[in-house]
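Peer 1: I'd like to ask some things about the structure below.
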Amino acid sequence: MMLGYFTSLLTTTVTGRPETFWMPEQASTVAPGVDFTFDVITWICYFFFALVTTLLIVFMVKYRRTSPTMETRGPTHNLPLELTWTIIPLILVVVIFVVGMRGYLDLMEAPEGAYDIQVTAQKWSWTFEHPVYGAIEVGELTVPVGQPVRLLMTSKDVLHSLWIPSFRVKMDVVPGRYTSLWFEATKTGDFLLNCTEYCGKGHSEMSAMVHVVPLDEFDAIMVKLASEYEDMTMAQLPAYAINRLYNRCQSCHTLDGSDSTGPSFKGLWDRVKSGNQTFTNGDTLSSLLGDATEYGVPENYIRTSLLDPQKHIVQGYLGSMPSFQGQLKEKQITAIIEMFKHLDDVIDAEGNITVNSDGTPKN
Ligand code: CUA
């Protein structure tokens, strides 16, 4: 059985093992090594579980009390037995240590020339910045296949943890400091990325999709991502915003009118335009709109809500929204406002997104 296992390990090291009942597929260079360590430990446990249980049953039968007056004198000492149960476990833990340590060192040290991505975790979304291209992705991470990628990560609020099961990598993301991890994807496709540190109400929603693409496509995707909105007309912006920017809002703002951590986006523009909004301090939005008021036009109120969200908290909500200051370009703020104005053109009655980011209908 073990031999068969080792041969299958050798043959699948290149492509990675497909999904099994216990494990997701292997899709990175480190995945076979991590699974190997895991399997070594698991098989040792299986073996000793079987051995101990078998001996337990055998001894129960063999040494059972056969008469009420029976007395036994247990052995007090057995040097060969004691040496055996000391030396064998010692060898086993040394083996586990060596196998584990090799994998650990490999995981900790990114190869020279790895492609850098800056990751920011925030309740409850992931932002991925590609400094080489000046491109930002939210809720989605595009990486090239067959290329070492290093994630430099930090958190804006609480402790999060980034986990990509198919790549077998996981690392805490801590506020006030940087942590890093690296991987090299071995196959193209989409893989789930999760937050694996309980970080509050939206923790289970804090996931992203990792898109692994061929190297030549990767470059084109990044170049497009970095500047696609700059050349868009106003009419194109809602489709762009709902697909590229809404990811960042979705864990708190629904599209179907249902309540969440923040108000639903459905009907938001109508509520804002009419000033039909009361804040926790008792003020109403209508008093801030119109000539010679703080905001004048309602667009300014939305702009402030994005950049300084604590300024006005809508009644009934806790005001847990982070600021997007410095994270959105002017044109992207415009895109979000346009998205609110034309929301019904990009979602259906149930709140499903109906268009792609280039405006073509979703099938
Ligand atoms: Cu972030 Cu759980």
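The values are calculated or read from the model by the stated rules, or taken from the named source; none is laboratory data. Since the model is a prediction, treat every value here as computed from it, not as a measurement. Cβ sites come from the backbone with ideal geometry, for glycine too, and all protein chains shown count toward neighbours. Accessible surface is based on the protein model in full, side chains and every heavy atom, while ligands, DNA and RNA are left aside. Shrake-Rupley method; radii C 1.70, N 1.55, O 1.52, S 1.80 Å.
Peer 1: Please tell me if Phe218 is in a strand (DSSP E or B), open to solvent by less than 30 Å² (accessible area, probe 1.4 Å), away from the ligand (no atom under 16 Å from the Cβ) and farther than 21 Å from Phe324 by Cβ.
Peer 2: Taking the combined requirement at face value, the residue does not satisfy it.
Peer 1: Turning to a different aspect of this structure: Please work out if Gly113 is buried (at least 16 other Cβ atoms within 10 Å of the Cβ) and at pLDDT below 95.
Peer 2: Numbers: buried (at least 16 other Cβ atoms within 10 Å of the Cβ): no; at pLDDT below 95: yes.
So Gly113 does not fit the description; no.
Peer 1: Restricting to segment 56-79, count the residues that are open to solvent by 90 Å² or more (accessible area, probe 1.4 Å) and either assigned to a helix (DSSP H, G or I) or in contact (Cβ under 8 Å) with a residue 24 or more places away in the chain (or both).
Peer 2: Residues that pass the stated criteria total 6.
Peer 1: Could you tell me how many of the residues in segment 297-314 are part of a helix (DSSP H, G or I) and of a type in the set (A, V, I, L, M)?
Peer 2: So the count comes out to 3.
Peer 1: Report, ordered by the first and then the second residue, all pairs with beta carbons closer than 7 Å, sequence separation of six or more or different chains, a first member in segment 322-337 that is of a type in the set (D, E, K, R), and a second member that is open to solvent by 20 Å² or more (accessible area, probe 1.4 Å).
Peer 2: Listed by first residue and then by second, the contacts come to Lys331/Glu230.
Peer 1: Could you list, in sequence order, all residues of segment 233-247 that are surrounded by 20 or more Cβ atoms within 10 Å (Cβ to Cβ) and outside any helix (DSSP H, G or I)?
Peer 2: Leu245
Peer 1: Still on this structure, I have one more. Among the numbered criteria (1) closer than 30 Å to Asp157 by Cα; (2) open to solvent by 50 Å² or more (accessible area, probe 1.4 Å), which one does Thr127 miss?
Peer 2: Answer for Thr127: the failing condition is (2).
Peer 1: Between Arg102, Arg150, which is in contact with a strand residue (DSSP E or B) (Cβ under 6 Å, 6 or more places away or on another chain), open to solvent by 20 Å² or more (accessible area, probe 1.4 Å) and either free of Cβ contacts under 8 Å to residues at least 12 places away in the same chain or basic (Lys, Arg) (or both)?
Peer 2: Arg150
Peer 1: Taking strands (runs of 3 or more DSSP E) that fall entirely within segment 97-213, which contain at least 2 residues that are within 16 Å of the ligand (Cβ to nearest atom)?
Peer 2: Where strands (runs of 3 or more DSSP E) fall fully within segment 97-213 and carry at least 2 residues being within 16 Å of the ligand (Cβ to nearest atom), they are 115-122, 125-130, 148-155, 160-164, 169-173, 179-184, 189-195, 207-213.
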